[in-house]
Amino acid sequence: MQNETIIDVQHLAKSFGSFEAVKDVSFTVQRGDVFGFLGPNGAGKSTTIRCMMSLITPDKGSIELFGKSLQTHRKDILRNIGSIIEKPDFYKYLSAEKNLEIFARVSGAEVSKIEIQEMLEFVGLANRGRHKVGGFSHGMKQRLGIAQTLLHKPELIILDEPTTGLDPQGIIEVRNLILRLKNEQNKTILLSSHQLSEIELIANRMVIINQGKSIVEGSVQDLLQAEEIVVKVVVDDSEKAMRCIAQLETAKNAEAFSSTEIEVLMKKNEIAAFNKFLVQHDVAVFSLEPKRKLEDYFIKIIQA
């Protein structure tokens, strides 16, 4: 059921002695979201996730998952969550298959050998099931960790920095795997990551936290759409283009960098009309490239 709230965190606070790791964090995650949980190092992301996983107890605030209070329905809730906190850990001298069999028994999940093979195939490790995990690359261990989260067939997957330390190919593999979890297995995913460009590619909603507090929450597309961005424009004649741009109120701080290249500050939803305006004034436009990405928005928010 869409629009069903899977995670509801309200006014969470947690201190360690005199240090306030989390001061006031609130956000909601709907069924089917790939939800980006963003913040600089020390913002309180890991502490919040540990509270959600009942690894530590918050000092204030409330956590509801699947419409139930974590405080009163802990066991029922945790049965329906798969998670990787920090990095997955395995028995290095055992095979991938044997590791999954052991973790299945520990979690109490009834998983057949066929189902384990299907999970390994899903994460792209079908031909490495009998190989010792000690010989796996970091990226392979991350994918095996995702297979581990699926053993008890949870509805919610929580991934804490799953692409940290991966090479570009490994990042692509994990990104595609997360999208398959959403699209093929209908999982709801909370994704904590400092790879902001990755969040922009795969998350539909996000919250940004800083210094232990929620700063902004909403649709990734809407949050970025509302922002003014720098647009790099390549034209046939930058002087002519600059004279035209001077007539526009929506385009600000235009600057020519060469005879063919200019940069203009405008809102993202104004780019199409800007392009049309230039063409109507006999300026040939060869390309328009928005330069502000999620990283810029993130930096602006946390420095505000």
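Couple of notes before you dig in:
- Residues within the stretch 32-64 that are surrounded by fewer than 17 Cβ atoms within 10 Å (Cβ to Cβ) and charged (D, E, K, R), tallied: 2
- Among residues of the stretch 172-211, those that are over 9 Å from the mean Cα position of the chain (by Cα) and more than 21 Å from Ile299 (Cβ to Cβ), counted: 17
- Elements of type strands (runs of 3 or more DSSP E) contained in the stretch 162-270, each with 3 or more residues being over 30 Å from Ala284 (Cα atoms) and among the basic types (Lys, Arg): none
Results for (1) charged (D, E, K, R); (2) in contact with a strand residue (DSSP E or B) (Cβ under 7 Å, 6 or more places away or on another chain); (3) without any contact (Cβ under 8 Å) to a residue 12 or more places away in the chain, shown as yes or no for each residue.
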residue	(1), (2), (3)
Leu125	no, no, no
Gly129	no, yes, no
Pro154	no, yes, no
Thr164	no, no, no
Arg175	yes, no, no
Leu190	no, yes, no
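- Residue in the stretch 13-28 that is crowded, with 19+ Cβ neighbours inside 10 Å, within 23 Å of Gly145 (Cβ to Cβ) and either at pLDDT 95 or above or in the same structural domain as Leu191 (by TED's automatic domain parsing) (or both) present: no
- Of all residues assigned to the stretch 82-91, none qualifies as being among the aromatic types (Phe, Trp, Tyr) and within 19 Å of Asn210 (Cβ to Cβ).
- Residue match in the stretch 196-204 (condition: hydroxyl-bearing (Ser, Thr, Tyr) and surrounded by 14 or more Cβ atoms within 10 Å (Cβ to Cβ)): no
- Some residue of the stretch 43-54 being of a type in the set (A, V, I, L, M, F, W, C), in contact with a helix residue (DSSP H, G or I) (Cβ under 7 Å, 6 or more places away or on another chain) and within 19 Å of Met206 (Cβ to Cβ): no
The values are calculated or read from the model by the stated rules, or taken from the named source; none is laboratory data. These numbers come from a predicted model, not from an experiment. Reconstructed Cβ throughout: ideal geometry from the backbone, glycine too, with neighbour counts over all protein chains shown.
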